[in-house]
Amino acid sequence: MSSEHSSHSPKPRVAVVFGGRSSEHAISVVTAGAVLSAIDRTKYDVLPIGITADGRWALTADAPERMAITGRQLPSVEQLAESAEGGVLLPVDPSSREVVYTEPGAVPKALGEVDVVFPVLHGPYGEDGTLQGLLELSGVPYVGAGVLASAVGMDKEYMKRVFISYGLPVGPYEVIRPREWDRTGPNGEKGAAARKKIVDFAADHGWPIFVKPARAGSSMGITKVDSPEGLDEAVAEARRHDPKILVESLLRGREIECGVLEFEDGPRASLPAEIPPVTSHDFYDFEAKYIDSATGIVPAPLTAEETGRVQELAVRAFDAVSCEGLVRADFFLLDSGEFVINEINTLPGFTPISMYPRMWQESGVSYPELVDRLIQAALRRPTGLR
């Protein structure tokens, strides 16, 4: 999209916003490439806007082919930006949807109005309600969950609290807040009480345990810990992504995922998928998901009753957190036959190998139709209280 573009097209203008300041920057770029490839250009105008790792909003090339993972090389907004200094400004004024492009020493250029934003940012500063709040202030409709649902969906502690309050089955967990780990005990040892809390949790529920950031995604910063000796290293790794951490027990069972999509008559669940055990990794971590292309089984080999149960729980989770647009809900099917919800993802990956689009493809909704339905759902919704 040229910087000279300033007239408002009769076609709805979709700003695809991607990249961002979280550790999932590269995956967001890959997702944006897939979304840009799928948007029907006869139906929509498109404006790609990348957010650099340091938070600058950049006008980027509309070049999906440059947004893929090549070998083990991850893409970035910096590689795609049309300028190393220019910035895109959204109006914080509900009466105007005019987007402006500025460069140092140059007259600002109007890029035209934006009708809807398709944010494909993963993790903090994008998926956690911060961007959604900015768009609410701007009065611009956007794809996906609102401020509250995004924030709850990002923070695994409060997500679990909401699930429990709605009667959804949740596995054992413990929260370690920043001040707990930073607190010095009477003998001068840092984090002694927090360490004891984790060891006591493991004594109750058994080793191994998982130590993870409370507010991160794509399996970033997660460590499987087999004994107290590995705790400090695991906590340090989790805290590289988030000062608040979560400790969870190992749930023995099958990993089942289910997509939820907003239709005109309300949310519906897709056919579920199963993530088989990954033999080359300790668990389904970042490398397994995105670099080594672990393959999920779609549809999951479940009984009709199990499929119906997980679909019902997925829609209940969507409603519990007041989600909009889309959600991927992740479960464990325990050996006892009970489903336990692990988490939801309010902006799941849309990479070519991502489970969410694959589940809907198997359910009869193609990738381009999925993108179109999400844009249409956003255009139907008002901003503000709803």
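Couple of notes before you dig in:
- Summed over the range 75-84, the residues that are in contact (Cβ under 8 Å) with a residue 24 or more places away in the chain and open to solvent by 60 Å² or more (accessible area, probe 1.4 Å) give a count of 2.
- Listed here are the strands (runs of 3 or more DSSP E) enclosed by the range 8-85 that have at least 3 residues being touching a helix residue (DSSP H, G or I) at 6+ places or on another chain (Cβ under 7 Å): 13-19, 45-51.
- Selection status of THR70, among the hydroxyl-bearing types (Ser, Thr, Tyr), modelled with pLDDT of 95 or more and surrounded by fewer than 24 Cβ atoms within 10 Å (Cβ to Cβ): no
- Only one of the listed residues (SER28, SER76) is at pLDDT 90 or above and in contact with a Leu (Cβ under 7 Å, 6 or more places away or on another chain). That residue is SER28.
- Taken together, the residues in the range 210-255 that are farther than 22 Å from ALA192 by Cβ and aliphatic (A, V, I, L, M) amount to 5.
One line per residue, one yes/no per condition, for (1) at pLDDT 95 or above; (2) open to solvent by less than 30 Å² (accessible area, probe 1.4 Å); (3) charged (D, E, K, R):
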| site | (1), (2), (3) |
| --- | --- |
| THR184 | no, no, no |
| ILE209 | yes, yes, no |
| GLU248 | yes, yes, yes |
| ARG254 | yes, no, yes |
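- Residues in the range 85-106 that are open to solvent by less than 90 Å² (accessible area, probe 1.4 Å) and aliphatic (A, V, I, L, M) were compared, and the one that is farthest from GLU136 (Cα to Cα) is ALA106.
- The number of residues in the range 319-360 that are of a type in the set (A, V, I, L, M, F, W, C) and open to solvent by 30 Å² or more (accessible area, probe 1.4 Å) comes to 3.
- Residue check, GLY266 without any contact (Cβ under 8 Å) to a residue 12 or more places away in the chain, open to solvent by less than 60 Å² (accessible area, probe 1.4 Å) and closer than 29 Å to SER336 by Cβ: no
- Considering the range 147-226, the qualifying helices (runs of 4 or more DSSP H), each wholly inside and each with 2 or more residues that are under 28 Å from the mean Cα position of the chain (by Cα) and touching a residue at least 60 places away in the same chain (Cβ under 8 Å), run over 147-154, 156-165, 178-182.
- In the range 55-85, the residues that are touching a strand residue (DSSP E or B) at 6+ places or on another chain (Cβ under 8 Å) and either over 28 Å from GLY349 (Cα atoms) or of a type in the set (Ser, Thr, Tyr) (or both): THR60, SER76, SER83
- Only one of the listed residues (GLY50, GLY55, GLY123) is open to solvent by less than 40 Å² (accessible area, probe 1.4 Å), touching a Gly at 6+ places or on another chain (Cβ under 7 Å) and in contact (Cβ under 8 Å) with a residue 40 or more places away in the chain. That residue is GLY123.
The values are calculated or read from the model by the stated rules, or taken from the named source; none is laboratory data. This is a predicted model, so every value here is computed, not measured. Glycine gets a Cβ as well: all are built from the backbone with ideal geometry, and neighbour counts include every protein chain shown. Accessible surface is based on the protein model in full, side chains and every heavy atom, while ligands, DNA and RNA are left aside. Shrake-Rupley method; radii C 1.70, N 1.55, O 1.52, S 1.80 Å.
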